[in-house]
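To start, the structure under review is shown below, and the notes come after it.
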């Protein structure tokens, strides 16, 4: 620690070079922070909160619906605390570009999602209003909807009994999520399954999926098996999995984000290695006489080696932390600007740890050769400029 | 001191203008710039001096390989990632755009946007057949194929996890409507038995779709009897006879009707006729429009992402190039000062450093483009398309993409070289000669 000021002034001996290198390092880790957060978000399926909930959907295909008559059997399965159901509606508001998830749900749906914050009087109003809808706060804000407004949702799959695509819904209240990582879930609208079931032309007594709250998270596999056994060999076989696994399997079908991120970051870090390696070897080459003076003053070989190594690690960590800090600032701005469409979590701990270990590793790798060279300097030769 | 500030501000301004022009410049514009530069280098005195100065710099490049490779590799990284990302978007949109054509139309229930959402009643099909604009076959029957598409779960070849595949039921006319589809292995399915043919993309994407194998779909066993190739989005699908599919899934209505139309005029005729018939609350669009619309969202997203990622990497590469070129100028300070002392003026010195950087940038761009092409061209991936099912597509590294990659490379070289070049031109001659 006592040599810190020495290392610091060595680092900024050539200001231009250090600043330019730092900026490159910052750019690399800014990209790393952004991309790795995306990867973590995709692979963890959004949240850990869904671990004690199962999603029961058709085994045959995502578009296949399940009979409502499964409800009592699922509720009676040992290990099930509560169950609810929902059905995809897929309506659009004005223009298909304004896409947001919307589906019909059972009346007790929100009991399974205690993390959705709702004012009790609004929940009550919704439960008594046949065409009532609950809207996520961000979604309501973006479209300027207020409580009591009629939302003219247009059906794309399920027309009304008279063939019309208009499904006017009355906004009864809003829900919000306090967890900033899950703000994206405020971008949805739900209304009554009962209304949906009675009024639509095609389906009767069918739900899209069941949600099951478990007594005990550890029993997830056992309960899932028991539920799937109910409908085995029927034409509506089910597949039960944790909410997390369900979201993950969906995300994975979009793209292999992990592979893309790894490929890009490999290209970036390879370049970075070369770039900083070049900077460090230049820095040592320029300073040969000075290093020789240090050695003359009595600095041991080991100390000189450490000095150069620490300098290179410091350079990378400094740039890396600034870069990832920038990413941490940019991510919420990006999420906010996209109006909930793009929902990135803050940089997760996992990314910070990975980032910091990468910084250390890169710092040591690029510092190693110049540091060895500095260590092996012969004082006489170096001072004579040979 | 003040003058230097003014100069720097001015050069940054020029740089910004130059970059904007550079980005929007079409290929013949670039060619004109290149020719003008070549002529200037060959014909004018300053040009020849610049060329001579550049030659000295380039000749000493091998001595500085370590440092110079920072520019080449840095720029190759930017161009490689950029081209690969854009090639993904291009491949996806090309696959979907090829799927459609202007002389076939797809008819869906009004407001349904995608096949998965649509329902067409059986009694509507003969009505549709009577509408004007639809092509007739030799026997005078309208060419149209009512179709059903069912999303089914199939295990992927790579991980064995379930993914959504599209299982399409077609009628006989479907083959005539889509002449690009050819059976490349086995035979077509027979009507009335549970047989299916698979697209070549689907065959690679999912497990157990080899000819002769049994697949379990919708609780029934189906035999794979053939493989077809279409070179478009249908490659990701499984096809069978529509009535067989309808009975297996207990579907009493159809989902879409695809019809051959008599060109653009025929389509307009059909569209007007449909709008004026109150019995048909249907939407009709050409299949080209329909499939192009499905690709725009994702293509745009990939393009934005690719440009942002490439942009951040480019910023990093610019600083790397600046660093290298500053070091190169500093390392050759004596040489440059000597040249200035014997009469080389500012312009040739600036041009010499710029030419050297641009050469390195060009090498980097070529290397990056080549790697992207060699690794990713034709690389096959899948994503979820508009019908909740997987679309298999190939990366497409087109010449246009390689060209824009090169433009990025030269742009980075331009910024990375300009400031070091200006410093070289402003080097105080006496001091530089005395130093070292």
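Hey, does the range A:277-285 have a residue that's outside any helix (DSSP H, G or I) and outside the structural domain of residue A:99 (by TED's automatic domain parsing)? Within the range A:277-285, none of the residues are outside any helix (DSSP H, G or I) and outside the structural domain of residue A:99 (by TED's automatic domain parsing).
To keep it simple, each residue is scored yes or no on (1) touching a residue at least 40 places away in the same chain (Cβ under 8 Å); (2) over 28 Å from residue B:95 (Cα atoms); (3) surrounded by fewer than 20 Cβ atoms within 10 Å (Cβ to Cβ).
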residue: B:219; (1), (2), (3): no, yes, yes
residue: B:222; (1), (2), (3): no, no, no
residue: B:225; (1), (2), (3): no, no, no
residue: B:228; (1), (2), (3): yes, no, no
residue: B:231; (1), (2), (3): yes, no, yes
residue: B:237; (1), (2), (3): yes, no, no
residue: B:245; (1), (2), (3): yes, no, no
residue: B:264; (1), (2), (3): yes, no, yes
residue: B:272; (1), (2), (3): no, yes, yes
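Residue check: residue B:370 meets all listed conditions (1) surrounded by fewer than 19 Cβ atoms within 10 Å (Cβ to Cβ); (2) part of a helix (DSSP H, G or I); (3) more than 28 Å from the chain's Cα centre (by Cα) but one, namely (3).
Of note, residue A:308 does not satisfy the criterion of being over 28 Å from the mean Cα position of the chain (by Cα), in the same structural domain as residue A:33 (by TED's automatic domain parsing) and either part of a loop (DSSP other than H, G, I, E, B) or under 20 Å from residue B:70 (Cα atoms) (or both). All of B:284, B:261 fail the test of being over 26 Å from residue A:166 (Cα atoms) and more than 10 Å from every other protein chain (Cβ to nearest Cβ), apart from B:261. Applying the criterion of being facing another protein chain (nearest Cβ under 9 Å) and touching a residue at least 40 places away in the same chain (Cβ under 8 Å) to the residues of the range B:299-318, the residue that is surrounded by the most Cβ atoms within 10 Å (Cβ to Cβ) is B:317. Any chance the range B:150-163 includes a residue that's closer than 22 Å to residue B:284 by Cα and surrounded by 15 or more Cβ atoms within 10 Å (Cβ to Cβ)? Looking for residues that are closer than 22 Å to residue B:284 by Cα and surrounded by 15 or more Cβ atoms within 10 Å (Cβ to Cβ), one finds at least one in the range B:150-163, hence yes.
Meeting the requirement of 2 or more residues that are within 29 Å of the chain's Cα centre (by Cα) and either crowded, with 21+ Cβ neighbours inside 10 Å or more than 14 Å from chain B (Cβ to nearest Cβ) (or both), the helices (runs of 4 or more DSSP H) wholly within the range A:1-117 are A:15-43. For the range A:266-276, check the following and say yes or no: at least one residue is away from chain B (no Cβ under 12 Å) and either out of contact with any strand residue (DSSP E or B) (no Cβ under 6 Å at 6 or more places or on another chain) or farther than 30 Å from residue B:309 by Cβ (or both). Looking for residues that are away from chain B (no Cβ under 12 Å) and either out of contact with any strand residue (DSSP E or B) (no Cβ under 6 Å at 6 or more places or on another chain) or farther than 30 Å from residue B:309 by Cβ (or both), one finds none in the range A:266-276, hence no.
Report whether or not residue A:169 is over 29 Å from the mean Cα position of the chain (by Cα), at negative phi and at pLDDT 90 or above. The answer is yes for residue A:169.
Residue B:65 meets the conditions (1) surrounded by fewer than 19 Cβ atoms within 10 Å (Cβ to Cβ); (2) in contact (Cβ under 8 Å) with a residue 60 or more places away in the chain; (3) within 14 Å of another protein chain (Cβ to nearest Cβ) in every case but one. The failed one is (2).
Check whether at least one residue in the range B:59-71 is assigned to a helix (DSSP H, G or I) and not assigned by TED's automatic domain parsing to the domain that holds residue B:377, and report yes or no. Looking for residues that are assigned to a helix (DSSP H, G or I) and not assigned by TED's automatic domain parsing to the domain that holds residue B:377, one finds none in the range B:59-71, hence no.
Condition check ((1) outside any loop (DSSP other than H, G, I, E, B); (2) more than 35 Å from the chain's Cα centre (by Cα); (3) at positive phi) across all residues:
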{"site": "B:197", "(1), (2), (3)": "yes, no, no"}
{"site": "B:208", "(1), (2), (3)": "no, no, yes"}
{"site": "B:211", "(1), (2), (3)": "no, no, no"}
{"site": "B:234", "(1), (2), (3)": "yes, no, no"}
{"site": "B:265", "(1), (2), (3)": "yes, no, no"}
{"site": "B:299", "(1), (2), (3)": "yes, no, no"}
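Looking only at the range A:238-260, residues that are within 9 Å of chain B (Cβ to nearest Cβ) and modelled with pLDDT under 80 come to 7 in all.
One residue stands out among those in the range B:208-236 that are within 14 Å of chain A (Cβ to nearest Cβ) and in contact with a helix residue (DSSP H, G or I) (Cβ under 8 Å, 6 or more places away or on another chain): the one that is farthest from residue B:105 (Cα to Cα), which is B:220. Being modelled with pLDDT under 90 and farther than 30 Å from residue A:288 by Cα narrows it down to one residue among A:337, A:374; which is it? Being modelled with pLDDT under 90 and farther than 30 Å from residue A:288 by Cα holds for just one of A:337, A:374, which is A:337. Could you check the range B:131-145 and list, in sequence order, the residues that are assigned to a loop (DSSP other than H, G, I, E, B) and under 10 Å from residue B:270 (Cα atoms)? The answer is B:131, B:132, B:133.
Being within 14 Å of chain B (Cβ to nearest Cβ), farther than 18 Å from residue A:76 by Cα and without any contact (Cβ under 8 Å) to a residue 24 or more places away in the chain is the filter here; which residues of the range A:205-237 pass it? Result: A:233, A:234, A:235.
Residue B:106: facing chain A (nearest Cβ under 10 Å), at pLDDT 90 or above and either surrounded by 14 or more Cβ atoms within 10 Å (Cβ to Cβ) or not in a helix (DSSP H, G or I) (or both), yes or no? The answer is no for residue B:106.
Please tell me if residue B:32 is part of a helix (DSSP H, G or I) and touching a residue at least 24 places away in the same chain (Cβ under 8 Å). So residue B:32 fails the test. When the criteria are applied in full, residue A:34 meets the requirement of being in contact (Cβ under 8 Å) with a residue 40 or more places away in the chain and within 30 Å of residue B:319 (Cβ to Cβ). Just a yes or no: is a residue in the range B:336-357 under 24 Å from residue B:28 (Cβ atoms), surrounded by fewer than 19 Cβ atoms within 10 Å (Cβ to Cβ) and assigned by TED's automatic domain parsing to the domain that holds residue B:56? Scanning the range B:336-357 turns up no residue that is under 24 Å from residue B:28 (Cβ atoms), surrounded by fewer than 19 Cβ atoms within 10 Å (Cβ to Cβ) and assigned by TED's automatic domain parsing to the domain that holds residue B:56.
For the range A:148-160, taking the residues that are loosely packed, with under 14 Cβ neighbours inside 10 Å and over 26 Å from residue B:387 (Cβ atoms), the one that is farthest from the other protein chains (Cβ to nearest Cβ) is identified as A:148.
If the condition is being away from every other protein chain (no Cβ under 14 Å), part of a loop (DSSP other than H, G, I, E, B) and in contact with a strand residue (DSSP E or B) (Cβ under 7 Å, 6 or more places away or on another chain), then the range B:109-130 contributes only B:122.
The values are calculated or read from the model by the stated rules, or taken from the named source; none is laboratory data. Just so you know, these numbers come straight off a predicted model, no measurement behind them. Note: ideal-geometry Cβ built from the backbone for every residue, glycine included; neighbour counts use all protein chains shown.
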